[in-house]
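*Asks:* Just dropping this structure here.
The values are calculated or read from the model by the stated rules, or taken from the named source; none is laboratory data. Everything numeric in this text was worked out from a predicted model, so none of it was measured. A quick note on method: Cβ atoms are made from the backbone with ideal geometry, for glycine too, and the neighbour counts reach across all protein chains shown.
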């Protein structure tokens, strides 16, 4: 992907980008889409490898420039491939400039704060890439599908009205706008796996000993709520897709393709930042020249 021009990358990822969710419909997005490509896995790995190299170059400049930060949010149903996507796409990034946080069930301490608290603490510093494997969006997805979780959050009863989800969408949108205004680029990825493909991957986890550890009985229980989750995802994307914090609805039935689209979206976003190494002024050049002379004289 390093050999592909920025304009071609932009064209490649554009169909999956949603920055105005008002007319968004999940049924318009095919989990099995591959943009007409029929790449073999080997070829796809080669393309992704170029993308990984380019991403590493951009991340090095991001870190050196120390002005912007990048927040990548990954949301999906179980077995959609979040872990693998993060592993493969970010494989070339310097660990010093990248932070990954996976958010499970909230702790007692988390529940004693507002619903954005635990993720806000983990936002990336300038110059770094922050990755959220699940995020504050769980609060309008899992919590919406399981309203009993909302009861455990200790929110005063009079504040839990029919408008609670709309209010949470507003809080999230406000946070993301605030981040964008202060130099954090927010990209959100929904890995859109089909119910059929999820079943296939669950069966693989059951049948392959090395994958047994990935399986939980809760996964099957959540699968029974598929329609509720799809409704929650659709509503979430409708209310929180913005030009400054877009969603990418990534076809996830073919892992090789979903990884290419995610890599392309991240590279495209970073290409827009005019990232460059700090300019060395004359005083610094003299200092460097003096240091060089000292070293050569030893």
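*Asks:* Return the residues of the range 34-57 that are touching a helix residue (DSSP H, G or I) at 6+ places or on another chain (Cβ under 8 Å) and either free of Cβ contacts under 8 Å to residues at least 40 places away in the same chain or farther than 18 Å from residue 272 by Cβ (or both); say none if nothing qualifies.
*Replies:* Hits for the range 34-57 are 34, 35, 37, 39, 41, 44, 45, 47, 48, 52.
*Asks:* Give the residue, chosen from 106, 6, that is closer than 30 Å to residue 167 by Cα, touching a helix residue (DSSP H, G or I) at 6+ places or on another chain (Cβ under 8 Å) and at pLDDT below 95.
*Replies:* Answer to the selection: 106.
*Asks:* Determine which member of the set 78, 30, 60, 66 is in contact (Cβ under 8 Å) with a residue 24 or more places away in the chain, touching a strand residue (DSSP E or B) at 6+ places or on another chain (Cβ under 8 Å) and surrounded by fewer than 20 Cβ atoms within 10 Å (Cβ to Cβ).
*Replies:* Exactly one residue qualifies, and that residue is 30.
*Asks:* Free of Cβ contacts under 8 Å to residues at least 60 places away in the same chain and assigned to a helix (DSSP H, G or I) - does that describe any residue in the range 226-241?
*Replies:* yes
*Asks:* Please find, among 250, 267, the residue that is assigned to a strand (DSSP E or B) and surrounded by 20 or more Cβ atoms within 10 Å (Cβ to Cβ).
*Replies:* It is 250.
*Asks:* Return yes or no: is residue 184 more than 16 Å from residue 80 (Cβ to Cβ) and out of contact with any helix residue (DSSP H, G or I) (no Cβ under 7 Å at 6 or more places or on another chain)?
*Replies:* yes
*Asks:* Could you tell me whether residue 22 is over 24 Å from residue 238 (Cβ atoms), touching a helix residue (DSSP H, G or I) at 6+ places or on another chain (Cβ under 9 Å), surrounded by fewer than 17 Cβ atoms within 10 Å (Cβ to Cβ) and modelled with pLDDT under 95?
*Replies:* For residue 22, the condition - over 24 Å from residue 238 (Cβ atoms), touching a helix residue (DSSP H, G or I) at 6+ places or on another chain (Cβ under 9 Å), surrounded by fewer than 17 Cβ atoms within 10 Å (Cβ to Cβ) and modelled with pLDDT under 95 - is not met.
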